Amino acid sequence: MGDYEKVIEIPSFFICPISLEIMKDPVTLSTGITYDRESIEKWLYTKKNVTCPITKQVLTDIELTPNHTLRRLIQSWCTINAPFGFERFPTPRLPISKSQILKLLRDSKSPSLQMQCLKRLKIIVIESDMNKRSMEAVGAAEYLVHIISNASTISILYNLRLSQTGLKSLFGKTGEFVQALTRVIQRATNFESRTYAILLLKSMFEVASPSQVMSLQPHFFIELKQILVNQISRKATKAALKLLIGVCPWGRNRIKAVEAGLVPILIDMLIDISEKRISEMVLMVLDQLCLSADGRAELLKHGAGLAVVSKKIFRVSPTASGRAVRILHSVAKLSGNSSVVQEMLHLGVVGKLCFVLQVDCGSKTSEKATEILKMHARAWKNSSCIPSNLVSSYPS
């Protein structure tokens, strides 16, 4: 701004109530208050507010109407006052309208226009949060699920970042959507599509009802296992693990996951992966699966099962240590026959549990460790396999 800026009074109605700067793209809400587009979109879509910033009224309609008259007035004023340092800003490009989006969606059903329309929709959805919400408002997701096998469709659906309401609606209206996404994970040759499909599933099951979670089919767990086996991306791995953490406690899902062969895969991951968060999540899933008899049997059948779980105590994080002790507790309490008890002793599991009692691992973890040691005190307490410096920690 020039030296004379101080003597130039900017009309108050040129100023955005949020940014307190001259508006470049004034738009008016249904409440009649005008804001700069960038500021109000951030308020509504990034910060997830549902009220008008000035009137505090709840917005039932978040249509942003361009105020062309005010914009032209501001541009003219800036031109006149250019000698005083006020730069005239260019006329903003109009955002895509809902009618334009609807036309693209309808045209996408035509085989000859499909690729062209999907490419344009992909650009639109990535462009702004306003476009995402406009696409959701016209029911773009419902249109797109019918051509879910197309790689561009998966990308658009993922980048839509559907609201919780939108996700619930999609889950309810299209019962086949989960199966369709599962097929994408199974058949897509493109790693990006498979990653987007698993991320979409994760988002959907965060809002699913218990009955929807309990109705999952066995092949769903088989495909999650393949995601973990193939390690197609870090995002996909974490999404698959988070999905398993969320769905395994419901109904017979633990059994389905065990029958899909997940336990040995999770143990192999614990051996190979050093990343803290993934290790924690793997242990959380294993903890769930070991609440079933078949899950514990699979853990014990794996040559490194008990050893690797025990090894993670103190090696990753307090969270991981807590989960590892919980797994050992399930095994010792519910599957602790004489051979398992002896294996735990010879693998150093008992010594590790004694060490847990010497270190501050949190009261719940210490309580679990104490319970395990007391359960099998007759077989373990006087064993020469426990290091002499840890024997004193053995609970009486």
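The values are calculated or read from the model by the stated rules, or taken from the named source; none is laboratory data. Keep in mind it's a predicted model, so treat the numbers as computed, not measured. As a convention, Cβ positions derive from the backbone with ideal geometry for all residues, glycine included, and neighbour counts pool all protein chains shown. Areas reflect the complete protein model, heavy atoms only, side chains present, ligands, DNA and RNA absent. Shrake-Rupley method; radii C 1.70, N 1.55, O 1.52, S 1.80 Å.
Scan region 57-85 for residues that are aromatic (Phe, Trp, Tyr) and either surrounded by fewer than 13 Cβ atoms within 10 Å (Cβ to Cβ) or modelled with pLDDT of 90 or more (or both) and jot them down. Show your work before the answer.
So in region 57-85, the residues aromatic (Phe, Trp, Tyr) come out as 77, 84.
Result: TRP77, single match.
Which pairs do you get when a residue that is buried (at least 19 other Cβ atoms within 10 Å of the Cβ), found in region 238-250, comes within reach of a residue that is not in a helix (DSSP H, G or I), reach meaning Cβ atoms under 7 angstrom, with the pair 6+ apart or on two chains?
Close Cβ pairs (under 7 Å, with a partner that is not in a helix (DSSP H, G or I)) amount to VAL247/LEU216.
Out of ALA324, ALA307, I need the residue that is open to solvent by less than 70 Å² (accessible area, probe 1.4 Å), of a type outside the set (Ser, Thr, Tyr), out of contact with any helix residue (DSSP H, G or I) (no Cβ under 7 Å at 6 or more places or on another chain) and in a helix (DSSP H, G or I). Which one?
Just a single option satisfies the conditions, and that option is ALA307.
If I filter region 347-396 down to residues being in contact with a Phe, Trp or Tyr (Cβ under 7 Å, 6 or more places away or on another chain) and assigned to a helix (DSSP H, G or I), which single residue comes out as most open to solvent (accessible area, probe 1.4 Å)?
That would be LEU390.
Give region 86-105 a look and list any residue that's open to solvent by 60 Å² or more (accessible area, probe 1.4 Å) and more than 30 Å from the chain's Cα centre (by Cα), or say none.
GLU87, ARG88, PRO90, THR91, ARG93, LEU94, SER99, GLN100, LYS103, listed by residue number.
Can you name the number of the only condition in (1) more than 19 Å from LEU94 (Cα to Cα); (2) more than 31 Å from the chain's Cα centre (by Cα); (3) surrounded by 12 or more Cβ atoms within 10 Å (Cβ to Cβ) that THR51 fails?
Condition not satisfied by THR51: (2).
Would you say ILE271 is among the hydrophobic types (A, V, I, L, M, F, W, C), surrounded by fewer than 16 Cβ atoms within 10 Å (Cβ to Cβ) and assigned to a helix (DSSP H, G or I)?
yes
Grab the helices (runs of 4 or more DSSP H) fully contained in region 140-226, keeping just those with 1 or more residues being among the polar types (S, T, N, Q) and crowded, with 18+ Cβ neighbours inside 10 Å.
Those helices (runs of 4 or more DSSP H) span 151-159, 177-187, 191-205, 210-214.
Considering only region 255-312, state which residues are farther than 17 Å from THR237 by Cα and among the small types (Gly, Ala, Ser).
Passing the criteria: SER292, ALA293, GLY295, ALA297, GLY303, ALA304, GLY305, ALA307, SER310.
Looking at the structure I just gave you, is ILE278 under 19 Å from the mean Cα position of the chain (by Cα) and touching a residue at least 24 places away in the same chain (Cβ under 8 Å)? First the steps, then the outcome.
On the way: under 19 Å from the mean Cα position of the chain (by Cα): yes; touching a residue at least 24 places away in the same chain (Cβ under 8 Å): yes.
In short, yes.
Restricting attention to region 228-269, which residues are among the hydrophobic types (A, V, I, L, M, F, W, C) and either over 20 Å from ASP287 (Cβ atoms) or in the same structural domain as ALA307 (by the TED database) (or both)?
VAL229, ILE232, ALA236
Name the one entry in VAL316, VAL341 that is touching a His at 6+ places or on another chain (Cβ under 7 Å) and either assigned to a helix (DSSP H, G or I) or modelled with pLDDT under 95 (or both).
So the residue among VAL316, VAL341 that is touching a His at 6+ places or on another chain (Cβ under 7 Å) and either assigned to a helix (DSSP H, G or I) or modelled with pLDDT under 95 (or both) is VAL341.
Can you say whether VAL341 is open to solvent by less than 30 Å² (accessible area, probe 1.4 Å) and either under 22 Å from THR319 (Cα atoms) or within 37 Å of the chain's Cα centre (by Cα) (or both), as far as the supplied structure shows?
no
Please find, within region 1-28, the residue that is most open to solvent (accessible area, probe 1.4 Å) out of those that are more than 11 Å from ILE74 (Cβ to Cβ), at pLDDT 85 or above and outside any loop (DSSP other than H, G, I, E, B).
Filtering first and then ranking leaves SER12.
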